[in-house]
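**Q** Sharing a structure below in structure tokens format, with a few things to ask.
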Amino acid sequence: MKQNEAAEKLGISKSYLSEIEKGHKEPSLELIRKYENTFDIPASSIMFFSENMGKSHVRERARTFVASKIISLMTFLEDKAERAHAD
């Protein structure tokens, strides 16, 4: 979704949303509730995500987790392709 569409759905200006996304402004609890209702995302998830964004260990754990899943998928596909060529 484009930023202007999200801002419109939330009833705020695009520039205000941009400032929040850049970390220059903090959203009010009322705005977090609007996110919750508009996008069907629990406020607790929004808060947890925002609290942990700046923590490098959380970001690194997520990166490691995603990388391991991608490697597993690639290995699976490679094995499947090798078996198909062997048949």
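The values are calculated or read from the model by the stated rules, or taken from the named source; none is laboratory data. Please read these numbers as outputs of a predicted model, since none were measured by experiment. When we count neighbours, we look across all protein chains shown, and the Cβ atoms used for this are built from the backbone with ideal geometry, even at glycine.
**Q** Which one of the conditions (1) modelled with pLDDT of 90 or more; (2) charged (D, E, K, R); (3) surrounded by 10 or more Cβ atoms within 10 Å (Cβ to Cβ) does Glu30 fail to meet, given that it meets all the rest?
**A** (3)
**Q** Of a type in the set (A, V, I, L, M, F, W, C), under 27 Å from Arg63 (Cβ atoms), loosely packed, with under 14 Cβ neighbours inside 10 Å and at pLDDT 85 or above: does that describe Phe39?
**A** So Phe39 passes the test.
**Q** Restricting the range 49-71 to residues that are charged (D, E, K, R) and under 27 Å from Ile20 (Cβ atoms), which is modelled with the highest pLDDT?
**A** Filtering the range 49-71 for residues that are charged (D, E, K, R) and under 27 Å from Ile20 (Cβ atoms), the one modelled with the highest pLDDT comes out as Arg61.
**Q** Within the range 72-87, take every residue that is of a type in the set (Gly, Ala, Ser) and surrounded by 10 or more Cβ atoms within 10 Å (Cβ to Cβ) and give me the one that is modelled with the highest pLDDT.
**A** Result: Ala81.
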